[in-house]
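To start, the structure itself, in C-alpha cells.
Coordinate-derived values only; no laboratory data. These figures come from a predicted structure and were not determined experimentally. Here the Cβ is made from the backbone with ideal geometry for all residues, glycine too, and neighbour counts use every protein chain on show.
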Amino acid sequence: MVQTHGERRLRRRPYKTVSSGDATAGTPPITMPETAISTTVEPAVDSAVTAKVRAGTWGAPSPIGHYAALQSAGGVAAPLLAGFSFTMTSVLLISPGVCRWQNATLALFVSTGLVLIFAVQTSLWLQSYSVKPSDYQEWYPDSLVGGYPDADAFQWHQNDANKAANYARFTRWLYNLGILLLLAAITTAVVPPGAISGSRYVVVTVGTVGFVAELLWVFSSRIRRR
C-alpha cells in the first residue's frame, strides 16, 4: 500500500481528537497536538533582599571563631589575671622594700587589674550583640521571605553586627594591653633593691624577653588583620 505525503506527515505527528458538536450531524472533529501545560507558580521573592544575602553581607567575623575566642578571653582569662594583679598589689603593700621600683610596680599591677576588668565588661557587651542569623530566624520566623530575611530583620542583624565588631575591637585592645602591663609589672617586681646577682639577671632577662615577645606579637597580629 502506497502512502501519500499527507498520510506520512499525519503519522509523524500524534494528535488528540476532541469531539465538538454532534458528529452525526456532519460536524468534523477537531484535532489538536498533545501539549503539557504547566500550572506551577513560583513564590515571589524580594530580589533586592535575595541579592544582599547571596552577596554575603551578613557581617560575619573573620575568622569565624574570633568572637568566641574574645568572649573566652574576656570571660575566663581576664578575671583570673585581674585577681592575680590585685593580689600582687596587696603583697607589695605589706612587704615594702622587696623590689627596686616598688611604686612603679604597684602602679603597673593596679593598671593591669583595672584594664582587664574593662576587658571583662566589653566582652559581655560583645556576647550580647554577636547574634547569628539563625537566632533571628528562630525568634522571628515571620521575618522570612522565600527563605531569606526581610528588610527589617536584615537591618537588625547589620546593626548588631556593627556593634559586635566595635566591642570585639575594644576587648582585644584591652586584653592585649592588660597582658603587656602584667608582664611589665612582673619584670619590675623581680628587680631587687640592691645589687643584682647573676641568677637574678637571668630572671630579669627572661621577663624582659617575654614582654618584648608579647609586644611584637600584638603588633604583628594587627598587621596581619589588615
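Looking at the range 99-131, which of its residues are of a type in the set (A, V, I, L, M) and either within 21 Å of residue 160 (Cβ to Cβ) or buried (at least 21 other Cβ atoms within 10 Å of the Cβ) (or both)? It would help to see each step written out before you state the result.
Residues of the range 99-131 of a type in the set (A, V, I, L, M): 104, 106-108, 110, 114-117, 119-120, 124, 126, 131.
Across the range 99-131, the qualifying residues are 108, 115, 116, 119, 120, 124, 126, 131.
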Take the residues in the range 179-208 that are farther than 21 Å from residue 87 by Cα and hydroxyl-bearing (Ser, Thr, Tyr), then tell me which one is surrounded by the most Cβ atoms within 10 Å (Cβ to Cβ). 208
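Give 93, 181 a once-over and let me know the one that is part of a helix (DSSP H, G or I) and under 24 Å from residue 217 (Cα atoms).
On the way: 93 fails: under 24 Å from residue 217 (Cα atoms).
Of 93, 181, the one residue that is part of a helix (DSSP H, G or I) and under 24 Å from residue 217 (Cα atoms) is 181.
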Got a sec? Which of 206, 131, 120 is in a loop (DSSP other than H, G, I, E, B) and farther than 16 Å from residue 99 by Cα? 131
Quick check on residue 115: is it touching a Pro at 6+ places or on another chain (Cβ under 7 Å), hydrophobic (A, V, I, L, M, F, W, C), closer than 15 Å to residue 176 by Cβ and in a helix (DSSP H, G or I)? no
Looking at the range 164-178, which of the residues that are polar (S, T, N, Q) and surrounded by 18 or more Cβ atoms within 10 Å (Cβ to Cβ) is farthest from residue 117 (Cα to Cα)? 176
Among the residues that make up the range 168-178, is at least one of them touching a residue at least 40 places away in the same chain (Cβ under 8 Å), polar (S, T, N, Q) and touching a Gly at 6+ places or on another chain (Cβ under 6 Å)? yes
Looking at (1) under 21 Å from residue 163 (Cα atoms); (2) touching a residue at least 24 places away in the same chain (Cβ under 8 Å); (3) part of a helix (DSSP H, G or I), which is the one condition that is false for residue 88? (1)
I need a count of the residues in the range 184-203 that are of a type in the set (A, V, I, L, M, F, W, C) and assigned to a helix (DSSP H, G or I). 6
Taking the range 112-143, which residues are free of Cβ contacts under 8 Å to residues at least 40 places away in the same chain and touching a strand residue (DSSP E or B) at 6+ places or on another chain (Cβ under 8 Å)? 136, 137, 143
